[in-house]
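The values are calculated or read from the model by the stated rules, or taken from the named source; none is laboratory data. As the structure is a computational prediction, the values presented were derived from the model and not from experiment. Positions of Cβ are generated from backbone atoms using ideal geometry, with glycine treated the same way; all protein chains shown enter the neighbour counts. What goes into the accessible areas is simple: the full protein's heavy atoms, side chains included, and nothing from ligands, DNA or RNA. Shrake-Rupley method; radii C 1.70, N 1.55, O 1.52, S 1.80 Å.
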Amino acid sequence: MSSRLPRRVFLRRTALATASLPLLPGRFVSRAAPNPPVRVPLVDYHAHPDNSTIEKIVALGGARGVKLGLVEHAGTKENDYPVVLSNDAELLGWIAQLDGKGVYKGVQAEWTDWMGCFSPAVLGKLDYVLTDAMTMPGKRGQRVKLWLPSAVDEMGMDEPEKFMDRYVEWHVQTMATEPFDILGNTSWLPDKLAADWDRLWTPARMDRVIAAAVKYGVALEISASYKLPRLPFLRRIKEAGVKFSLGSNGRYPNMGKLDYSLEMARALDLGPEHMFTPAPDGQKAVQRRQL
Ligand SMILES: [Zn+2]
(Lines give C-alpha, C1' and ligand atoms only; values in the text may rest on other atoms or scores of the structure.)
Protein backbone atom coordinates (compact mmCIF):
# COMPACT_ATOMS: atom_id res chain seq x y z
CA MET A 1 0.00 0.00 0.00
CA SER A 2 1.33 3.42 -0.94
CA SER A 3 2.46 5.45 2.02
CA ARG A 4 1.01 8.47 0.23
CA LEU A 5 -2.50 7.16 0.30
CA PRO A 6 -4.73 9.80 1.97
CA ARG A 7 -5.50 8.80 5.54
CA ARG A 8 -9.25 8.71 5.00
CA VAL A 9 -8.90 6.26 2.11
CA PHE A 10 -6.49 4.14 4.10
CA LEU A 11 -8.95 3.91 6.99
CA ARG A 12 -11.82 2.99 4.66
CA ARG A 13 -9.79 0.26 3.00
CA THR A 14 -8.72 -1.10 6.36
CA ALA A 15 -12.32 -1.16 7.52
CA LEU A 16 -13.38 -3.02 4.38
CA ALA A 17 -10.58 -5.51 4.73
CA THR A 18 -11.51 -6.13 8.34
CA ALA A 19 -15.19 -6.51 7.53
CA SER A 20 -14.48 -9.11 4.87
CA LEU A 21 -12.39 -11.40 7.10
CA PRO A 22 -13.89 -14.84 6.90
CA LEU A 23 -15.48 -15.77 10.20
CA LEU A 24 -15.98 -19.39 10.96
CA PRO A 25 -19.31 -20.10 12.56
CA GLY A 26 -19.08 -20.59 16.30
CA ARG A 27 -15.54 -19.40 16.45
CA PHE A 28 -14.53 -16.24 18.29
CA VAL A 29 -11.93 -14.28 16.42
CA SER A 30 -10.18 -11.74 18.59
CA ARG A 31 -7.96 -9.13 17.04
CA ALA A 32 -6.91 -7.73 20.40
CA ALA A 33 -3.29 -8.28 21.37
CA PRO A 34 -3.05 -11.16 23.83
CA ASN A 35 -2.28 -10.20 27.43
CA PRO A 36 1.45 -10.15 28.05
CA PRO A 37 2.46 -12.80 30.55
CA VAL A 38 2.74 -11.86 34.21
CA ARG A 39 6.44 -11.75 35.08
CA VAL A 40 6.17 -11.73 38.85
CA PRO A 41 6.35 -14.83 41.05
CA LEU A 42 2.87 -15.93 42.09
CA VAL A 43 3.01 -15.54 45.85
CA ASP A 44 0.18 -14.49 48.15
CA TYR A 45 1.93 -13.11 51.24
CA HIS A 46 -1.31 -12.25 52.99
CA ALA A 47 -3.22 -15.50 53.53
CA HIS A 48 -5.00 -16.05 56.87
CA PRO A 49 -5.33 -19.57 58.27
CA ASP A 50 -8.93 -19.10 59.46
CA ASN A 51 -11.80 -21.47 58.56
CA SER A 52 -9.70 -24.46 57.59
CA THR A 53 -6.64 -26.60 58.21
CA ILE A 54 -3.10 -25.92 57.08
CA GLU A 55 -3.27 -29.03 54.86
CA LYS A 56 -6.39 -27.88 53.02
CA ILE A 57 -5.02 -24.36 52.63
CA VAL A 58 -1.74 -25.65 51.21
CA ALA A 59 -3.66 -27.87 48.77
CA LEU A 60 -5.75 -24.91 47.64
CA GLY A 61 -2.64 -22.80 47.04
CA GLY A 62 -1.20 -25.66 45.00
CA ALA A 63 -4.39 -25.97 42.94
CA ARG A 64 -4.27 -22.24 42.19
CA GLY A 65 -0.57 -22.35 41.33
CA VAL A 66 0.14 -19.75 44.01
CA LYS A 67 2.72 -20.07 46.76
CA LEU A 68 1.28 -18.92 50.07
CA GLY A 69 2.65 -16.86 52.88
CA LEU A 70 0.49 -17.61 55.91
CA VAL A 71 -0.02 -14.97 58.57
CA GLU A 72 -1.53 -15.51 61.99
CA HIS A 73 -2.36 -12.49 64.15
CA ALA A 74 0.33 -11.69 66.71
CA GLY A 75 0.33 -9.29 69.63
CA THR A 76 -1.11 -8.99 73.12
CA LYS A 77 -4.32 -10.80 74.08
CA GLU A 78 -6.08 -7.42 74.12
CA ASN A 79 -6.28 -7.73 70.36
CA ASP A 80 -9.62 -9.26 69.51
CA TYR A 81 -9.13 -12.05 66.94
CA PRO A 82 -9.98 -15.77 66.91
CA VAL A 83 -6.29 -16.54 67.43
CA VAL A 84 -3.66 -14.11 68.66
CA LEU A 85 -0.14 -15.43 69.19
CA SER A 86 1.12 -13.67 72.28
CA ASN A 87 4.35 -15.28 73.45
CA ASP A 88 7.38 -17.22 72.24
CA ALA A 89 5.79 -20.61 72.92
CA GLU A 90 2.72 -19.79 70.82
CA LEU A 91 4.80 -18.32 68.04
CA LEU A 92 7.07 -21.37 67.99
CA GLY A 93 3.95 -23.55 67.80
CA TRP A 94 2.76 -21.61 64.76
CA ILE A 95 6.15 -21.90 63.09
CA ALA A 96 6.22 -25.65 63.78
CA GLN A 97 2.75 -26.05 62.21
CA LEU A 98 4.04 -24.55 58.97
CA ASP A 99 7.36 -26.37 58.93
CA GLY A 100 7.90 -28.41 55.78
CA LYS A 101 4.58 -27.33 54.23
CA GLY A 102 6.11 -25.31 51.40
CA VAL A 103 4.67 -22.02 52.62
CA TYR A 104 6.25 -18.85 53.93
CA LYS A 105 5.87 -18.34 57.66
CA GLY A 106 4.53 -14.96 58.66
CA VAL A 107 2.50 -13.10 61.23
CA GLN A 108 0.20 -10.13 60.99
CA ALA A 109 1.39 -7.91 63.82
CA GLU A 110 -1.29 -6.12 65.84
CA TRP A 111 -1.22 -2.74 67.53
CA THR A 112 1.99 -1.04 68.60
CA ASP A 113 3.24 -3.32 71.35
CA TRP A 114 3.55 -6.71 69.64
CA MET A 115 7.34 -6.70 69.66
CA GLY A 116 7.38 -6.93 73.47
CA CYS A 117 5.51 -10.26 73.36
CA PHE A 118 8.37 -12.14 71.71
CA SER A 119 12.11 -12.53 71.87
CA PRO A 120 14.07 -11.30 68.84
CA ALA A 121 15.49 -14.80 68.33
CA VAL A 122 12.04 -16.36 67.91
CA LEU A 123 10.74 -13.50 65.74
CA GLY A 124 13.79 -14.10 63.56
CA LYS A 125 12.56 -17.61 62.74
CA LEU A 126 9.67 -16.10 60.75
CA ASP A 127 10.11 -15.35 57.07
CA TYR A 128 8.48 -11.95 57.51
CA VAL A 129 6.18 -9.76 59.55
CA LEU A 130 3.20 -8.02 57.94
CA THR A 131 1.02 -5.35 59.44
CA ASP A 132 -1.45 -2.72 58.26
CA ALA A 133 -2.59 0.75 59.31
CA MET A 134 -6.24 -0.15 59.85
CA THR A 135 -6.13 -0.01 63.65
CA MET A 136 -5.22 3.50 64.69
CA PRO A 137 -5.00 5.43 67.96
CA GLY A 138 -8.00 7.63 68.73
CA LYS A 139 -7.87 11.02 70.40
CA ARG A 140 -7.21 9.51 73.84
CA GLY A 141 -4.73 7.02 72.42
CA GLN A 142 -7.31 4.22 72.43
CA ARG A 143 -7.24 1.44 69.85
CA VAL A 144 -9.74 2.21 67.07
CA LYS A 145 -10.60 -0.30 64.37
CA LEU A 146 -11.19 1.99 61.44
CA TRP A 147 -13.52 -0.45 59.68
CA LEU A 148 -16.11 -0.36 62.47
CA PRO A 149 -19.00 2.14 62.07
CA SER A 150 -18.18 3.64 65.49
CA ALA A 151 -14.83 4.82 64.11
CA VAL A 152 -16.52 7.51 62.01
CA ASP A 153 -17.28 9.64 65.08
CA GLU A 154 -14.36 8.45 67.14
CA MET A 155 -11.86 9.51 64.47
CA GLY A 156 -13.64 12.62 63.21
CA MET A 157 -14.11 11.35 59.67
CA ASP A 158 -16.62 14.13 59.05
CA GLU A 159 -13.52 16.22 58.52
CA PRO A 160 -11.86 14.03 55.89
CA GLU A 161 -8.84 16.24 55.24
CA LYS A 162 -7.87 16.35 58.89
CA PHE A 163 -8.47 12.65 59.26
CA MET A 164 -6.32 11.91 56.21
CA ASP A 165 -3.43 13.96 57.54
CA ARG A 166 -3.53 12.03 60.81
CA TYR A 167 -3.94 8.73 58.95
CA VAL A 168 -0.91 9.40 56.77
CA GLU A 169 1.16 10.30 59.84
CA TRP A 170 -0.02 7.07 61.44
CA HIS A 171 1.38 5.16 58.45
CA VAL A 172 4.71 6.92 58.89
CA GLN A 173 4.77 6.38 62.65
CA THR A 174 3.98 2.68 62.26
CA MET A 175 6.85 2.19 59.84
CA ALA A 176 9.22 4.27 61.96
CA THR A 177 8.53 2.48 65.22
CA GLU A 178 7.75 -1.17 64.33
CA PRO A 179 10.10 -3.63 62.64
CA PHE A 180 7.94 -5.20 59.92
CA ASP A 181 8.58 -6.20 56.31
CA ILE A 182 5.24 -5.67 54.53
CA LEU A 183 2.54 -3.04 54.91
CA GLY A 184 -0.67 -4.87 54.01
CA ASN A 185 -3.86 -3.31 52.62
CA THR A 186 -1.91 -0.28 51.42
CA SER A 187 -4.00 2.87 50.98
CA TRP A 188 -7.21 1.28 52.28
CA LEU A 189 -9.83 3.80 53.42
CA PRO A 190 -12.81 3.34 55.73
CA ASP A 191 -16.22 2.93 54.01
CA LYS A 192 -17.20 6.50 54.79
CA LEU A 193 -14.28 7.84 52.72
CA ALA A 194 -13.70 5.07 50.19
CA ALA A 195 -15.65 6.77 47.39
CA ASP A 196 -13.28 9.76 47.62
CA TRP A 197 -10.12 7.68 47.36
CA ASP A 198 -8.83 9.50 44.24
CA ARG A 199 -9.27 12.92 45.84
CA LEU A 200 -8.07 12.08 49.35
CA TRP A 201 -4.91 10.23 48.35
CA THR A 202 -3.15 13.30 47.00
CA PRO A 203 0.31 12.89 45.48
CA ALA A 204 1.77 14.58 48.56
CA ARG A 205 0.11 12.04 50.86
CA MET A 206 1.17 9.13 48.66
CA ASP A 207 4.74 10.41 48.67
CA ARG A 208 4.82 10.74 52.45
CA VAL A 209 3.91 7.04 52.81
CA ILE A 210 6.29 6.04 50.03
CA ALA A 211 9.19 8.00 51.54
CA ALA A 212 8.71 6.17 54.83
CA ALA A 213 8.64 2.82 53.00
CA VAL A 214 11.94 3.74 51.33
CA LYS A 215 13.50 4.87 54.59
CA TYR A 216 12.55 1.81 56.60
CA GLY A 217 12.75 -0.80 53.83
CA VAL A 218 9.07 -1.75 53.94
CA ALA A 219 7.35 -3.47 51.00
CA LEU A 220 3.89 -2.21 50.02
CA GLU A 221 1.13 -4.67 49.27
CA ILE A 222 -1.07 -4.63 46.18
CA SER A 223 -4.26 -5.82 47.79
CA ALA A 224 -6.38 -8.09 45.63
CA SER A 225 -9.32 -8.00 48.04
CA TYR A 226 -9.55 -4.21 48.29
CA LYS A 227 -8.30 -3.61 44.73
CA LEU A 228 -5.87 -1.04 46.11
CA PRO A 229 -3.73 0.95 45.64
CA ARG A 230 -4.90 2.25 42.28
CA LEU A 231 -2.50 2.86 39.41
CA PRO A 232 -1.42 6.46 40.16
CA PHE A 233 -0.24 5.40 43.63
CA LEU A 234 1.34 2.20 42.30
CA ARG A 235 3.28 4.10 39.63
CA ARG A 236 4.83 6.34 42.27
CA ILE A 237 5.73 3.33 44.40
CA LYS A 238 7.48 1.71 41.44
CA GLU A 239 9.29 4.92 40.57
CA ALA A 240 10.59 5.23 44.14
CA GLY A 241 12.03 1.71 43.96
CA VAL A 242 9.90 0.39 46.83
CA LYS A 243 9.24 -3.35 46.63
CA PHE A 244 5.73 -4.67 46.06
CA SER A 245 4.09 -7.72 47.56
CA LEU A 246 0.88 -9.36 46.41
CA GLY A 247 -1.80 -10.20 48.94
CA SER A 248 -5.36 -11.50 49.08
CA ASN A 249 -6.06 -10.99 52.80
CA GLY A 250 -8.00 -14.18 52.14
CA ARG A 251 -9.49 -16.60 54.62
CA TYR A 252 -10.34 -20.09 53.33
CA PRO A 253 -11.25 -20.53 50.48
CA ASN A 254 -10.10 -17.14 49.24
CA MET A 255 -6.34 -17.34 49.63
CA GLY A 256 -4.36 -17.22 46.40
CA LYS A 257 -6.99 -15.14 44.58
CA LEU A 258 -4.75 -12.43 43.19
CA ASP A 259 -6.63 -11.16 40.12
CA TYR A 260 -6.34 -7.44 40.84
CA SER A 261 -2.74 -7.68 42.05
CA LEU A 262 -1.72 -9.51 38.89
CA GLU A 263 -3.63 -7.13 36.66
CA MET A 264 -1.66 -4.28 38.22
CA ALA A 265 1.62 -6.18 37.98
CA ARG A 266 0.95 -6.55 34.26
CA ALA A 267 -0.11 -2.92 33.81
CA LEU A 268 3.10 -1.75 35.53
CA ASP A 269 5.26 -4.37 33.82
CA LEU A 270 6.56 -5.58 37.16
CA GLY A 271 9.21 -8.27 37.18
CA PRO A 272 10.85 -10.27 39.95
CA GLU A 273 13.22 -7.37 40.56
CA HIS A 274 10.33 -5.22 41.78
CA MET A 275 8.99 -7.75 44.23
CA PHE A 276 9.44 -8.44 47.89
CA THR A 277 11.02 -11.74 48.82
CA PRO A 278 11.69 -12.81 52.39
CA ALA A 279 15.06 -11.47 53.47
CA PRO A 280 17.91 -13.83 54.29
CA ASP A 281 18.69 -14.55 57.91
CA GLY A 282 20.10 -11.45 59.57
CA GLN A 283 18.37 -9.07 57.13
CA LYS A 284 14.74 -9.48 58.23
CA ALA A 285 13.13 -6.33 59.60
CA VAL A 286 13.05 -7.76 63.15
CA GLN A 287 16.80 -8.36 62.85
CA ARG A 288 18.06 -5.26 61.06
CA ARG A 289 15.89 -2.65 62.80
CA GLN A 290 17.24 -1.47 66.14
CA LEU A 291 14.11 -0.38 68.00
ZN1 LIG B 1 -4.92 -9.50 57.21
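Residues of the stretch 171-192 being more than 15 Å from the ligand (Cβ to nearest atom), more than 15 Å from PHE233 (Cα to Cα) and of a type in the set (A, V, I, L, M, F, W, C), which ones?
Correct list: VAL172, MET175, ALA176.
Answer yes or no as to whether LYS215 is touching a helix residue (DSSP H, G or I) at 6+ places or on another chain (Cβ under 6 Å), open to solvent by 30 Å² or more (accessible area, probe 1.4 Å) and of a type outside the set (S, T, N, Q).
On the way: touching a helix residue (DSSP H, G or I) at 6+ places or on another chain (Cβ under 6 Å): no; open to solvent by 30 Å² or more (accessible area, probe 1.4 Å): yes; of a type outside the set (S, T, N, Q): yes.
When the stated conditions are applied, LYS215 does not pass them.
Listed here are the residues, each with its yes/no results for (1) assigned to a helix (DSSP H, G or I); (2) buried (at least 22 other Cβ atoms within 10 Å of the Cβ).
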site	(1), (2)
TYR226	no, no
PRO232	yes, no
LYS238	yes, no
LEU262	yes, no
ARG266	yes, no
ASP269	no, no
ASP281	no, no
VAL286	yes, yes
LEU291	no, no
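I need a count of the residues in the stretch 46-68 that are open to solvent by 10 Å² or more (accessible area, probe 1.4 Å) and either more than 16 Å from the ligand (Cβ to nearest atom) or not acidic (Asp, Glu) (or both).
Here the count works out to 16.
Pick from the stretch 219-237 the residues that are among the charged types (D, E, K, R) and more than 13 Å from LEU130 (Cβ to Cβ): which of them is nearest to the ligand (Cβ to nearest atom)? Give the derivation first.
First pass over the stretch 219-237, keeping only residues among the charged types (D, E, K, R): 221, 227, 230, 235-236.
Among the residues that remain, those that are also more than 13 Å from LEU130 (Cβ to Cβ) are: 227, 230, 235-236.
Details: LYS227: 15, ARG230: 20, ARG235: 25, ARG236: 24 Å.
The selected residue is LYS227.
Using beta carbons and a limit of 6 Å, which pairs, at least six apart or on different chains, have the first residue in the stretch 103-132 and outside any helix (DSSP H, G or I) and the second one among the hydrophobic types (A, V, I, L, M, F, W, C) and surrounded by fewer than 20 Cβ atoms within 10 Å (Cβ to Cβ)?
Listed pairs, sorted by first residue: LYS105/ILE95; LYS125/ILE95.
Considering only residues that are within 16 Å of the ligand (Cβ to nearest atom) and closer than 20 Å to ALA74 by Cβ, look in the stretch 146-170 and name the one that is surrounded by the most Cβ atoms within 10 Å (Cβ to Cβ).
Result: LEU146.
Tell me, please, whether a residue that is modelled with pLDDT of 50 or more and outside any loop (DSSP other than H, G, I, E, B) can be found in the stretch 15-30.
no
Among (1) out of contact with any strand residue (DSSP E or B) (no Cβ under 9 Å at 6 or more places or on another chain); (2) within 15 Å of the ligand (Cβ to nearest atom), which single condition is ALA89 missing?
Failing condition for ALA89: (2).
Taking the condition of being open to solvent by less than 40 Å² (accessible area, probe 1.4 Å) and either closer than 13 Å to LYS284 by Cβ or not hydrophobic (A, V, I, L, M, F, W, C) (or both), how many residues in the stretch 98-108 meet it?
4
A quick yes/no check of all residues on (1) within 16 Å of the ligand (Cβ to nearest atom); (2) in contact with a strand residue (DSSP E or B) (Cβ under 8 Å, 6 or more places away or on another chain); (3) closer than 26 Å to ALA224 by Cα:
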site: THR76; (1), (2), (3): no, no, no
site: GLY100; (1), (2), (3): no, no, no
site: GLY106; (1), (2), (3): yes, yes, yes
site: GLY116; (1), (2), (3): no, no, no
site: SER119; (1), (2), (3): no, no, no
site: ASP132; (1), (2), (3): yes, yes, yes
site: MET136; (1), (2), (3): yes, yes, yes
site: LYS139; (1), (2), (3): no, no, no
site: VAL144; (1), (2), (3): no, yes, yes
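Looking at (1) farther than 16 Å from GLN287 by Cβ; (2) open to solvent by less than 20 Å² (accessible area, probe 1.4 Å); (3) within 15 Å of the ligand (Cβ to nearest atom); (4) not charged (D, E, K, R), can you tell me which one TRP111 breaks?
(2)
Among the residues of the stretch 238-275, what is the count of those that are away from the ligand (no atom under 16 Å from the Cβ) and within 14 Å of LEU130 (Cβ to Cβ)?
Matching residues across the stretch 238-275 total 2.
Scanning the stretch 240-257 for residues that are part of a loop (DSSP other than H, G, I, E, B) and without any contact (Cβ under 8 Å) to a residue 60 or more places away in the chain, which turns out surrounded by the fewest Cβ atoms within 10 Å (Cβ to Cβ)?
GLY241
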